[in-house]
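First comes the structure, then the notes that go with it.
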C-alpha cells in the first residue's frame, strides 16, 4: 500500500511539473484526509473520505479567498478531476513554522497572550468576511441535537438516566440559541491547526471547519482546549500538554475579542455546543468512557 501511495504522489508531482520527489513523510493526523510532506518543501493533502469531498473543496475555496488577508496555505495546484489518481487533492508550499501545541509549553505567559491576540485578529477577519449567508441558528442546532439523541438512544450508547438528563438540559435551554450573530466561523480552531514561528502566527490550517454560524460557536473548541487540552493534541505533542498552561485561554479571548462573549447565558450556550460535540463523537466511539464522563459533567449528572 505504501508503495502504491508513493507512486501516486510521484505521478502527481511529475504530471504537474512541481518537483522531483526525493522524500515522502506521512503525517499521522486527521480522519478524512491523507497528508504528506514532500521533500520537506511541499504538502499534499488527499481526500480519502468521499463523503467529505464537498468539505474538501470548500477548504480550497477559502484558502484562495483568504490568501492575501491571513496566513493560510498558498495552493500551488488543485485537481478534483480524479484523472491522475482517483481522489481529490491539492498541493501547497510548506509553511515554515511549528505546531502551536508543540511549542505552547515553552512559551512565557506574555508570549501566549500575544499569540491569542493575533489569533483573535485573524478570527475577526474571517468572521466579518461574509455576511450573506442566512441561517436559523436555533432551528439548526435544536434539530441536530435531537437527531443525535435519537440515534444515541436507539443504539443504547448511554444509560436512560443520562439521556434523560441531557434531554432535560436541551428542552430547558434551547430557546437561548434564538439569539444569533452570524458570520463565517472557523469552528475547528485548536492549536493543532495553528503554526507559529518566533511567537508569530504564520499558519491557519484545516479550513474544512468553516461555515456560516453564530460567532460564539468558535468558543466551543477554545473552552474544550482549556478544560481538556489533550483532546486535540497529536501523539507527538500530547506529552507536553499540561492543563495549567491553558487555564487563561477564555480570559484572553474575552479580552481581545469580547464580541464572542456578548450573548445572554453564554455559559449555557457553550454547554449546549459541548453536549452536541460529545454526542457526535459518541456515535463514532460508543464505548469511550471519558466522553461519557465529560457529557455527564456538562449536564451535571454524576456517573456512579
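The values are calculated or read from the model by the stated rules, or taken from the named source; none is laboratory data. Since the structure is predicted, the reported quantities are computational estimates derived from the model, not experimental observations. Using ideal geometry, Cβ is built from the backbone for each residue, glycine included, and neighbour counts are taken over all protein chains shown.
Within segment 267-279, can one find any residue that is in a helix (DSSP H, G or I) and either more than 25 Å from residue 175 (Cα to Cα) or without any contact (Cβ under 8 Å) to a residue 24 or more places away in the chain (or both)? Yes, the conditions are met somewhere in segment 267-279. For segment 1-25, a residue qualifies if it is at pLDDT 90 or above and loosely packed, with under 12 Cβ neighbours inside 10 Å, and the qualifying residues are 22, 23, 25.
For residue 56, the conditions (1) within 18 Å of the chain's Cα centre (by Cα); (2) assigned by TED's automatic domain parsing to the domain that holds residue 200 all hold with the exception of (2). Checked against the criterion of being touching a strand residue (DSSP E or B) at 6+ places or on another chain (Cβ under 7 Å) and farther than 28 Å from residue 43 by Cα, the candidates 143, 159, 214 yield just one match: 214.
Mind listing whichever residues of segment 81-115 are within 30 Å of residue 249 (Cβ to Cβ) and touching a helix residue (DSSP H, G or I) at 6+ places or on another chain (Cβ under 8 Å)? Hits for segment 81-115 are 92, 99, 100, 101, 102, 104, 105, 107, 112, 113, 115. Restricting segment 81-112 to residues that are part of a loop (DSSP other than H, G, I, E, B) and touching a strand residue (DSSP E or B) at 6+ places or on another chain (Cβ under 8 Å), the residue that is surrounded by the fewest Cβ atoms within 10 Å (Cβ to Cβ) is 96.
From the list 242, 300, the lone residue that is surrounded by fewer than 14 Cβ atoms within 10 Å (Cβ to Cβ), in contact (Cβ under 8 Å) with a residue 60 or more places away in the chain and more than 26 Å from residue 169 (Cα to Cα) is 242.
Just one of the numbered conditions (1) more than 24 Å from residue 186 (Cα to Cα); (2) free of Cβ contacts under 8 Å to residues at least 12 places away in the same chain; (3) part of a strand (DSSP E or B) is not true of residue 35: (1). Applying the selection to segment 141-162, what residues are surrounded by fewer than 18 Cβ atoms within 10 Å (Cβ to Cβ) and more than 25 Å from residue 266 (Cβ to Cβ)? Scanning segment 141-162 gives 150, 151, 153, 154, 155, 156, 159, 160, 161.
Do we find that residue 46 is free of Cβ contacts under 8 Å to residues at least 24 places away in the same chain, assigned to a strand (DSSP E or B), crowded, with 16+ Cβ neighbours inside 10 Å and not assigned by TED's automatic domain parsing to the domain that holds residue 237 in this structure?
Considered against the rule, which asks whether it is free of Cβ contacts under 8 Å to residues at least 24 places away in the same chain, assigned to a strand (DSSP E or B), crowded, with 16+ Cβ neighbours inside 10 Å and not assigned by TED's automatic domain parsing to the domain that holds residue 237, residue 46 comes out as no.
The set of residues from segment 18-32 being in contact (Cβ under 8 Å) with a residue 40 or more places away in the chain and in a strand (DSSP E or B) is empty.
Restricting attention to segment 59-80 and to residues that are more than 15 Å from residue 12 (Cβ to Cβ) and part of a loop (DSSP other than H, G, I, E, B), the residue that is farthest from the chain's Cα centre (by Cα) turns out to be 68. Here segment 113-140 is the region considered, the condition is being farther than 19 Å from residue 190 by Cβ, modelled with pLDDT of 95 or more and within 20 Å of the chain's Cα centre (by Cα), and the residue that is surrounded by the most Cβ atoms within 10 Å (Cβ to Cβ) is 137.
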